[in-house]
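Reading through the structure tokens given below for one structure.
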Amino acid sequence: SVLTQPPSVSGAPGQRVTISCTGSTSNIGAGYDVHWYQQLPGTAPQLLIYTNRNRPSGVPDRFSGSKSGTSASLAITGLQAEDEADYYCQSYDTSLRGSIFGGGTKLTVL
Amino acid sequence: EVQLVETGGGLIHPGGSLRLSCAASGFAVSNNFMSWVRQAPGKGLEWVSLIYSGGSTYYADSVKGRFSISRDNSENTLYLQMNILRAEDTAVYFCARVKEYGTIYHREFYFDYWGHGTLVTVSS
């Protein structure tokens, strides 16, 4: 994938975890925003964070996003069992002339 | 309430064709950007195609020349015509409404609503 994410992260209930998303000068580093999606097992992706740090209505404030340089991060605080899912970052790439996704990160709540 | 319902998936032989449909409700596809995104079994998400509200279309290199995105405004439905299918096209295909913003020189997109997906299996 053009955007690099760790394959997996884990944490105990109540803990804080972060998921990184590393791009390049043709996407995140070119000033393009990063968006995050949560995909619960067996379901379609859902928008979690848009334009780097904004939450759609209904998304708890335990989820937050940030962006700096050629990377972005998703932070989840107060981990809950229901947060166990795959998380994907997404941006735009000027070289590929299309939207791009990270490879996805599987979050396990221990 | 925004809803997207995909249909048309199934088992198809390599080299065959298939047309996917995505029926929208709660908004007009004609006034929005729309996309198809796919997910191979056990793999991540891959953007496939985009149609602007004005009708311009864009494709990932992996499907360019084989897939065609279109819409029927009267039916409020998005389509994906898939030709010359290959084994590597096997995936769940999601349609998604696209939120577009920025400028003509720096246009950006994200996917604010997704359908449940339809499975396409290309195998002999």
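Quick notes on this structure:
- Residue pairs meeting the criteria (Cβ under 7 Å; at least 6 apart or on separate chains; first farther than 20 Å from B:Leu4 by Cα, in region A:46-62; second small (Gly, Ala, Ser)): A:Ile49/A:Gly65; A:Asn52/A:Gly65; A:Asn52/A:Ser66; A:Asn52/A:Ala72; A:Arg53/A:Ser64; A:Arg53/A:Gly65; A:Arg53/A:Ser66; A:Arg62/A:Gly78
- Checked against the criterion of being in contact with an Asp or Glu (Cβ under 7 Å, 6 or more places away or on another chain), within 30 Å of A:Lys106 (Cβ to Cβ), away from every other protein chain (no Cβ under 11 Å) and surrounded by 21 or more Cβ atoms within 10 Å (Cβ to Cβ), the candidates B:Leu20, B:Leu80 yield just one match: B:Leu20.
- Residues in region B:91-116 that are over 14 Å from the mean Cα position of the chain (by Cα), buried (at least 17 other Cβ atoms within 10 Å of the Cβ) and either over 18 Å from A:Cys89 (Cα atoms) or of a type in the set (Lys, Arg) (or both): B:Lys99 only.
- Matching residues in region A:74-98 - criterion: being buried (at least 19 other Cβ atoms within 10 Å of the Cβ), of a type in the set (Gly, Ala, Ser) and under 16 Å from the mean Cα position of the chain (by Cα): A:Ala85, A:Ser91
- Among the candidates A:Ile19, A:Ile100, the residue that is over 23 Å from B:Val63 (Cβ atoms) and modelled with pLDDT of 95 or more is uniquely A:Ile19.
- Residues of region A:10-34 satisfying the condition of being away from chain B (no Cβ under 12 Å), surrounded by 14 or more Cβ atoms within 10 Å (Cβ to Cβ) and part of a loop (DSSP other than H, G, I, E, B): A:Gly23, A:Ser24, A:Ser26
- Contacts under 8 angstrom Cβ, first residue in region B:6-19 being farther than 16 Å from B:Arg38 by Cα, partner among the charged types (D, E, K, R) and surrounded by 12 or more Cβ atoms within 10 Å (Cβ to Cβ), 6 or more apart: B:Pro14/B:Arg86
- Restricting region B:23-51 to residues that are exposed (fewer than 15 other Cβ atoms within 10 Å of the Cβ) and not polar (S, T, N, Q), the residue that is farthest from B:Ile69 (Cα to Cα) is B:Gly42.
- Residue under evaluation B:Phe94, criteria (1) within 11 Å of another protein chain (Cβ to nearest Cβ); (2) of a type in the set (A, V, I, L, M, F, W, C); (3) on the phi > 0 side of the Ramachandran plot, criterion not met: (3)
- Count of residues meeting criterion [in contact (Cβ under 8 Å) with a residue 12 or more places away in the chain and farther than 20 Å from B:Ser68 by Cβ] in region B:88-110: 3
- In region A:99-107, the condition of being more than 11 Å from the chain's Cα centre (by Cα), at negative phi and within 11 Å of chain B (Cβ to nearest Cβ) is met by at least one residue.
- Identification of strands (runs of 3 or more DSSP E) wholly contained in region A:35-110 with 1 or more residues that are out of contact with any strand residue (DSSP E or B) (no Cβ under 8 Å at 6 or more places or on another chain) and of a type outside the set (A, V, I, L, M) yields A:63-68.
- Residues (in a strand (DSSP E or B) and either within 17 Å of B:Val120 (Cβ to Cβ) or without any contact (Cβ under 8 Å) to a residue 12 or more places away in the chain (or both)) located in region B:24-65: B:Ser35, B:Trp36, B:Val37, B:Arg38, B:Gln39, B:Leu45, B:Glu46, B:Trp47, B:Val48, B:Ser49, B:Tyr58, B:Tyr59
- Residue in region B:97-124 that is farthest from the other protein chains (Cβ to nearest Cβ), counting only those that are of a type in the set (Gly, Ala, Ser) and over 30 Å from A:Gly29 (Cα atoms): B:Ser124
The values are calculated or read from the model by the stated rules, or taken from the named source; none is laboratory data. In this text, all values refer to a predicted model and were calculated from it rather than measured experimentally. Note that each Cβ is placed from the backbone with ideal geometry, even for glycine, and that neighbours are counted across all protein chains shown.
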